[in-house]
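Have a look at the structure that comes next, please.
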Amino acid sequence: MRHVISILMENESGALSRVAGLFSARGYNIESLTVAPTDDATLSRMTIVTNGTERVVEQITKQLNKLVSVAKLTDLTEVPFIEREIMLVKVRAVDAGREEIKRLCDIFRGKILDVTDASYVVELTGDDHKLRAFLDTVGGDNVIEVARSGATGIARGDKSLKV
Amino acid sequence: MQRLLSTGTYHRCSTPIGLLYFDEEFKVELSGGELLMEALKEEGVELVFGYPGGAVLHIYDALYQQNSVKHILVRHEQSATHAADGYARATGKPGVVLVTSGPGATNAVTGIATAFMDSIPMVVISGQVQSRFIGSDAFQEVDCVGITRPCVKHNFLVESLETMADTIKQAFHVATTGRPGPVVIDIPKDFTTPGVTVPFEYPKTVEMRSYSPPTQGHPGQIRKAVDLILSAKQPVIYSGGGVVLGNASEQLRAFTRELGYPITQTLMGLGAYPASDKQNIGMLGMHGTYEANIAMHECDVLIAIGARFDDRVTGEIDSFCPNAKIVHIDIDPASISKNVTVDVPIVGDVGMVLTAMLEQIKASEKRADPADIASWWSRINEWQSDKCLDYQLDDKLIKPQAVVEALWRETKGDAYITSDVGQHQMWAAQYYGFDNPNRWINSGGLGTMGFGLPAAIGVALAKPDATVACITGEASIQMCIQELSTCLQYSTPVKIICLNNRYMGMVRQWQEFAYEKRYSHSYMDALPDFIKLTEAYGHVGMNIENPNDVEGALAEAFAMKDRLVFMNFVTDQSENVYPMIEAGKGHHEMRLNPARELA
């Protein structure tokens, strides 16, 4: 099953490699990993999307918690949560297709950031399903290049991840 | 009055793991090298095992100019880590290592990984090239933090002279608390330059917001566990290295005796409960006793204490303790349900948890049905009567098991025994009955050949009045044989018991059983004359080829209290370690010694 795990860790050099190294050394999957400092510059927030059986995911959370640099961890998938990812996609836009892509962007609430006579760069935000749905709808032949940020997430309601 | 203090009034470590508190105003001005020495002194470090080199020259200069920390010069950095490891295992205190950058650091990695796998507290200080050269492929530069990251509990690259004291304090704290382990501190050379100083006062306490090891177990879980333990019909206590590391041998003894249940110990746990006690049913696992492994297979309640369900212990997981409810006490939450799913996990310090459990047991009126326990013991006694460790003596050939038994008699079972890895290690574990913790010092997790001799140096220096023997083989001993030189320099009168069967015995044994006796590269050809070699290093060598000479030779060697004696026992080449659970088999599928039936 897919899990979205958020961690707060000390914002120190090598912090990312501790997490990435743990996943490769123990053979865990990483679907995506995002990291940036929080409002507190001494802390980084990392969001990891992983796949595994309940037993494996339990080990992943325990092993992450065991890292001396990890201050707090939550498996967002266990609570109602919001997941967002940003995608920049360069699509072919010629002839009648130009109008069709424009309409799709509106439907998906995307933004066109760059225009040439043959292509658009579209910015799209959403969860994994939405981004893939857009790509499927545009069609593989029309997709020139895709840049995705990887997912980040936050719990709904009062629950918060804080040190 | 305490206040937050460092440069000025407030200081945060540049690797912002924690805030450190200082009691008074700054006092002395120290260079990085001097600061390190003062910090080691503050940590109560008596011995540092190391080897100098370019990046640590400033540190060695500071070392030279003080008297509180004694340095032990090894002959290879791997040995520095093993010696510090042996020191730590014998004393419970952290072992300290000092090596230079590049090859100094990479040579230390095997010993760091060895300590990591067995959760040994160790602080390794490595020199690094000057901070401005980091990343430039400078002479003797390696990414020490990167290379050691997967085999340390934590590591630090010191980021400035100002933060060095905090970093050292944190390193010792992390290495010695919770589930212990090795911690590396990588120090760029320019932070130790003589004359470049900072005001120094060593932090009294350490607080790390991202690190808080557990102590007390959860009361609800303890209640549940006690309830299950007291309703058992066929219980087994399975204790491991965590009891030794947690200094909880007394608590384990009290707990086990109160219950009257059988106890089996892992390779790492030997001695925490006395081998000579009647409730002890021997080691379990791949080369465990018949009675211990069968009892594991048949038990209804398993009480795992400071043990981690290692694959060498469990055998085939699918047939592990098929009928048991499992209680698991461990300080590391990640050890719980990692290999085997358990029913009642308790995360906490084993000593504290055992004390809490024992109090509840004593207060409880509930007890396991004595008839059930008696009938369980009578089944166990029947398995014990099989005498799985019996072997056949020979008139002409020395049996390795007999040497270990003779060593036990000669040392009255009270020596510190280090070992290397292979058949001799298993025979030592099986035939030297350890009645006390911290006496059996071996590389259980990583299985590092070459560990035994340097580890024995660490033990001998830590316990100068104790008897120290290294049980080894002719293959393992050659991996760190150069340390015979260190032994001469520091007069460590280790007795080396070399069970020389002219084979990498355990490899040969597997090849015999699983590869139709195709002994691929397991034969030790062109062995040196160990006697001459030992003598060349300034020690005493003895060659023993006749079974009748074993006792006398041991007596003679151990009478030389201040000399290292290398005892080359030429043993039966065909001897195997039994019982054995082969790969993919369960506890109930042991291969027993065929010679046993003839005996």
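The values are calculated or read from the model by the stated rules, or taken from the named source; none is laboratory data. Not measured: the values here are computed from a predicted model. Every residue, glycine as well, gets a Cβ built from its backbone with ideal geometry; the counts of neighbours run over all protein chains shown.
Would it be correct to say that A:Glu83 is buried (at least 17 other Cβ atoms within 10 Å of the Cβ), charged (D, E, K, R), out of contact with any Pro (no Cβ under 9 Å at 6 or more places or on another chain) and in contact (Cβ under 8 Å) with a residue 12 or more places away in the chain?
yes
Among the numbered criteria (1) in contact with a Cys (Cβ under 8 Å, 6 or more places away or on another chain); (2) within 17 Å of B:Asn501 (Cα to Cα), which one does B:Leu592 miss?
(2)
Go through the range A:144-158 and give me each residue that's touching a residue at least 60 places away in the same chain (Cβ under 8 Å) and either exposed (fewer than 14 other Cβ atoms within 10 Å of the Cβ) or within 30 Å of A:Ala93 (Cβ to Cβ) (or both).
Of everything in the range A:144-158, those that are touching a residue at least 60 places away in the same chain (Cβ under 8 Å) and either exposed (fewer than 14 other Cβ atoms within 10 Å of the Cβ) or within 30 Å of A:Ala93 (Cβ to Cβ) (or both) turn out to be A:Ala147, A:Arg148, A:Ser149, A:Gly150, A:Ala151, A:Thr152, A:Arg156, A:Gly157.
Can you go through B:Asp85, B:Asp137 and tell me which one is closer than 29 Å to A:Val19 by Cβ, touching a residue at least 60 places away in the same chain (Cβ under 8 Å) and away from chain A (no Cβ under 13 Å)?
B:Asp85
Here's a follow-up. Checking the conditions here, which among B:Val243, B:Val206, B:Val236 is in a helix (DSSP H, G or I) and touching a residue at least 40 places away in the same chain (Cβ under 8 Å)?
Checking each option against the conditions leaves just B:Val243.
Could you check the range B:44-60 and list, in sequence order, the residues that are within 21 Å of B:Val206 (Cβ to Cβ) and either at pLDDT below 95 or in contact with a Ser or Thr (Cβ under 9 Å, 6 or more places away or on another chain) (or both)?
Within the range B:44-60, just B:Val45 meets the criteria.
Scan B:Ile497, B:Ile417, B:Ile457 and give me the residue that is under 17 Å from B:Phe558 (Cα atoms) and free of Cβ contacts under 8 Å to residues at least 60 places away in the same chain.
Result of the check over B:Ile497, B:Ile417, B:Ile457: B:Ile417.
Right, something else. Suppose the filter is within 24 Å of B:Pro214 (Cα to Cα) and surrounded by fewer than 24 Cβ atoms within 10 Å (Cβ to Cβ); does B:Ala254 pass it?
Details: within 24 Å of B:Pro214 (Cα to Cα): yes; surrounded by fewer than 24 Cβ atoms within 10 Å (Cβ to Cβ): yes.
So B:Ala254 passes the test.
Could you please tell me which pairs satisfy a Cβ distance under 6 Å, a separation of 6+ or placement on different chains, a first residue in the range B:155-179 that is in contact (Cβ under 8 Å) with a residue 12 or more places away in the chain, and a second residue that is acidic (Asp, Glu) and in a loop (DSSP other than H, G, I, E, B)?
Once the first residue is in contact (Cβ under 8 Å) with a residue 12 or more places away in the chain and sits in the range B:155-179, its partners that are acidic (Asp, Glu) and in a loop (DSSP other than H, G, I, E, B) give B:Phe172/B:Glu43; B:Arg179/B:Asp332.
Could you run through the range B:325-337 and say how many residues are closer than 22 Å to B:Pro235 by Cα and either crowded, with 24+ Cβ neighbours inside 10 Å or within 14 Å of another protein chain (Cβ to nearest Cβ) (or both)?
Qualifying residue count for the region: 7.
Could you tell me which numbered condition B:Ala462 fails, if it satisfies all but one of (1) closer than 21 Å to B:Val421 by Cα; (2) crowded, with 18+ Cβ neighbours inside 10 Å?
(1)
How about the range A:53-69: which of its residues are surrounded by fewer than 16 Cβ atoms within 10 Å (Cβ to Cβ) and either in a loop (DSSP other than H, G, I, E, B) or away from chain B (no Cβ under 13 Å) (or both)?
Matches in the range A:53-69: A:Thr53 only.
Looking at the range B:188-195, can you tell me whether even one residue there is touching a strand residue (DSSP E or B) at 6+ places or on another chain (Cβ under 6 Å), more than 14 Å from every other protein chain (Cβ to nearest Cβ), part of a loop (DSSP other than H, G, I, E, B) and not small (Gly, Ala, Ser)?
Yes: one or more hits.
Separate question: Among the listed residues B:Met117, B:Met37, identify the single one that is within 14 Å of chain A (Cβ to nearest Cβ) and modelled with pLDDT of 95 or more. Quick ask: steps written out before the conclusion?
Numbers: B:Met37 fails: within 14 Å of chain A (Cβ to nearest Cβ).
One residue alone meets the criteria, B:Met117.
Go through the range B:204-245 and give me each residue that's within 14 Å of chain A (Cβ to nearest Cβ) and not charged (D, E, K, R).
Keep residues of the range B:204-245 that are within 14 Å of chain A (Cβ to nearest Cβ), which gives B:206-214.
Selection gives B:Val206, B:Met208, B:Ser210, B:Tyr211, B:Ser212, B:Pro213, B:Pro214.
I'm told B:Thr193 meets every condition in (1) under 23 Å from B:Phe139 (Cβ atoms); (2) surrounded by 22 or more Cβ atoms within 10 Å (Cβ to Cβ); (3) of a type in the set (Ser, Thr, Tyr) except one. Can you identify the failing condition by its number?
Every listed condition holds for B:Thr193 apart from (2).
Output the residue which, of all residues in the range A:20-51 that are within 11 Å of chain B (Cβ to nearest Cβ), of a type outside the set (Asp, Glu) and not in a strand (DSSP E or B), is farthest from B:Thr148 (Cα to Cα).
The qualifying residue farthest from B:Thr148 (Cα to Cα) is A:Ala41.
Moving to a separate point now. Of everything in the range B:173-190 that's under 20 Å from the mean Cα position of the chain (by Cα) and closer than 22 Å to B:Pro52 by Cα, which residue is surrounded by the most Cβ atoms within 10 Å (Cβ to Cβ)?
B:Pro182
From the set of residues in the range B:23-42 that are part of a strand (DSSP E or B) and not hydrophobic (A, V, I, L, M, F, W, C), which is surrounded by the fewest Cβ atoms within 10 Å (Cβ to Cβ)?
That would be B:Glu29.
Separate question: Residues in the range B:309-321: is at least one within 13 Å of chain A (Cβ to nearest Cβ), of a type outside the set (Val, Ile, Thr) and surrounded by fewer than 21 Cβ atoms within 10 Å (Cβ to Cβ)?
No: the range B:309-321 contains no residue that is within 13 Å of chain A (Cβ to nearest Cβ), of a type outside the set (Val, Ile, Thr) and surrounded by fewer than 21 Cβ atoms within 10 Å (Cβ to Cβ).
Something else now. So in the range B:140-179, with the set limited to residues that are in contact with a strand residue (DSSP E or B) (Cβ under 8 Å, 6 or more places away or on another chain), of a type outside the set (D, E, K, R) and assigned to a loop (DSSP other than H, G, I, E, B), which one is nearest to the other protein chains (Cβ to nearest Cβ)?
Selected residue: B:Val152.
Now for a separate question. Quick test of your reading of the structure: A:Glu100 fulfils all but one of (1) away from chain B (no Cβ under 11 Å); (2) in contact (Cβ under 8 Å) with a residue 60 or more places away in the chain; (3) not hydroxyl-bearing (Ser, Thr, Tyr). Name the failing condition by number.
(2)
Could you list all residues from the range A:1-19 that are more than 8 Å from chain B (Cβ to nearest Cβ), among the hydrophobic types (A, V, I, L, M, F, W, C) and not in a helix (DSSP H, G or I)?
If we filter the range A:1-19 for residues that are more than 8 Å from chain B (Cβ to nearest Cβ), which is where we start, we get A:1-8, A:15-16, A:19.
From what's left, among the hydrophobic types (A, V, I, L, M, F, W, C): A:1, A:4-5, A:7-8, A:15-16, A:19.
Across the range A:1-19, the qualifying residues are A:Met1, A:Val4, A:Ile5, A:Ile7, A:Leu8.
For B:Gly271, which of the numbered conditions (1) in a loop (DSSP other than H, G, I, E, B); (2) out of contact with any helix residue (DSSP H, G or I) (no Cβ under 8 Å at 6 or more places or on another chain) fails to hold?
Of (1) in a loop (DSSP other than H, G, I, E, B); (2) out of contact with any helix residue (DSSP H, G or I) (no Cβ under 8 Å at 6 or more places or on another chain), only one is false for B:Gly271: (2).
Would you mind finding the one in B:Ile497, B:Ile531 that is closer than 24 Å to B:Gln478 by Cβ, modelled with pLDDT of 95 or more and touching a Cys at 6+ places or on another chain (Cβ under 8 Å)?
B:Ile497
Is it true that some residue in the range B:520-536 is touching a residue at least 60 places away in the same chain (Cβ under 8 Å) and outside any loop (DSSP other than H, G, I, E, B)?
Scanning the range B:520-536, I find no residue that is touching a residue at least 60 places away in the same chain (Cβ under 8 Å) and outside any loop (DSSP other than H, G, I, E, B), so the answer is no.
Right, another one. What strands (runs of 3 or more DSSP E), lying completely within the range B:43-105, carry at least 2 residues that are surrounded by 23 or more Cβ atoms within 10 Å (Cβ to Cβ), touching a strand residue (DSSP E or B) at 6+ places or on another chain (Cβ under 9 Å) and at positive phi?
In the range B:43-105, no matching strands (runs of 3 or more DSSP E) lie anywhere.
Could you count how many residues in the range B:338-359 are small (Gly, Ala, Ser) and within 14 Å of chain A (Cβ to nearest Cβ)?
Adding up the residues that qualify gives 0.
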